[in-house]
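Written below as structure tokens is the structure these notes are about.
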């Protein structure tokens, strides 16, 4: 039992995972010790090329961090599936699931053999209750990410047009 709580400090086999996590905007500003603690309870999963990670409309249950490979995010439309993004190592997707478990906005599928870390909402909820150092960083980063989404999807105003 005690070993689990200190496993993050003893495990040196996940150095590449720590480097990738350190690049992920959702975990910005966390030192290596916090990232190690976080890594202990994240689930690692491999996806085969073409394997769907989640479908548009599915209930959101987790956020995903791409460790290796490529993940395509696509949205259904009248003209067929439209690719919104292709994500590589050091990126994350599905972050709205940390706020609520609303329907997924798009489909995520592995473009090639991919490896991802998964943070389930239930684990994040436990972090909020028990580890304010990690959860507060994630919440602040999540707020910044979401505000950037909103800002980047706004039409240009006269002010932004003249300042460009």
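Coordinate-derived values only; no laboratory data. Bear in mind the structure is a predicted one, so any value in this text is a computation, not a measurement. Methodologically, a virtual Cβ is constructed for each residue, glycine included, from the backbone with ideal geometry; neighbour enumeration extends over all protein chains shown.
The table below lists the values:
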{"read-out": "Which of 111, 44 has the fewest Cβ neighbours within 10 Å, and the rest in rising order", "value": "44, 111"}
{"read-out": "In nm, spacing of pseudo-spin labels at residue 139 and residue 56 (7 Å Cα→C-beta vector)", "value": "3.3"}
{"read-out": "Contact order relative to length of the range 2-150, as percent, for alpha carbon pairs under 8 angstrom and 6 or more apart", "value": "30"}
{"read-out": "D_trans [Stokes-Einstein, Kirkwood Rh over alpha-carbon pairs] for the range 2-150, 4 °C, 1.567 mPa s, µm² s⁻¹", "value": "82"}
